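See structure below.
Values quoted throughout were computed directly from the atomic coordinates according to the rules given, and no laboratory measurement underlies them. The model shown is predicted, which means the values in this text are computed figures rather than measured ones. Glycine also receives a Cβ, built like all others from the backbone with ideal geometry; neighbour counts cover every protein chain displayed.
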Amino acid sequence: MLKLIKRQVHGFAYLLLNPSQLKHLILRETRYRFRNKSKRMWVKWQKYDSERAYEALVEALHNTRTRPFNLERIEIISDLIGRLGNGLNILDVGSGDGIIGEHVWKIGNHVIAIDLPTVAIQAHRCQGLLALAGDAEQLSFASNIFDVVLASEILEHLWNPHSFVDEAYRVLKADGHLIISTPEGIDSLRYDAHKYYFTLESLKQMLGARFDLCEVKRLKPAGTATPTIISLFRKSAMPKN
């Protein structure tokens, strides 16, 4: 009981010393209190949270290009794609600031980056990307046109990840690949912008009917609550029952 009281006191003290975090909690429980009731409200919450996260990075003068965690993730994803070939048509879903897509473009590929409207604007600063606003669960592209769909740190944010998997399967060519990077384990839910958490087993279960697992890499926690899984899947020629 004493430990619980101490944690609560420390929590109140932290909020008093960090008014921006206090404002965030108030908005979360007032304007966005119904965020889990519908996709429309969840997307509004995601737009707010992404704007807040970007502003925090700018204010702190953090450069996402030089953070060790991001550098390692970029290196792994670039290596996975590089071994698939070059001149590939790649869809970067949940592209964020576009830094991963830019690296993938630099190794000789064609990249379309999509994210929420408020986030996609950030990717326009990057070279080589066609940055568009879009819905990961309703991709506005024809079927069978991409060699690779990249979903880096997006699956846990979606209202319905299964809809995204359906769409990724649809837009990928017959021999296409899906790369997913996502936090591993239930501690991912410590971030209030995450709706789901995943493990390698749950990913395999969700994708197993339509994709074959080819390779898995892991990143150790580095300023994050959990390890990160980076997995490469190949589109199955025929969906399994």
Practice problem: Give the cross-link partners of LYS204 among the aspartates and glutamates, using a straight C-alpha distance below 20 Å as the criterion and excluding same-chain residues fewer than 8 apart. | Solution: GLU137, GLU153, GLU156, ASP166, GLU167, ASP175, GLU184, ASP187, ASP212, GLU215
Quiz item: Of the beta bridges DSSP finds with both residues in the range 68-235, what % are antiparallel, to the nearest 5?
Solution: 45 percent
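Which pairs, out of LYS39/LYS173; LYS106/LYS217; LYS37/LYS220; LYS23/LYS220, put more than 26 Å between their alpha-carbon atoms?
Numbers: LYS39/LYS173 29 Å; LYS106/LYS217 22 Å; LYS37/LYS220 33 Å; LYS23/LYS220 31 Å.
Too far apart for the 26 Å limit: LYS39/LYS173; LYS37/LYS220; LYS23/LYS220.
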Quiz item: In the neighborhood of THR182, defined by Cβ-to-Cβ distances under 10 Å, what is the net charge if each Lys or Arg adds +1 and each Asp or Glu adds -1?
Solution: -3
Quiz prompt | ³J(HN,Hα), Karplus 6.51/-1.76/1.60, whole Hz, each residue of the range 111-119, x for Gly, Pro | solution = 10, 10, 10, 10, 6, 4, x, 5, 8
Exercise. For the range 79-131, run through the trypsin sites (Lys or Arg not before Pro) and keep only the ones in DSSP coil with at most 10 other Cβ atoms within 10 Å of their Cβ.
Key: ARG83
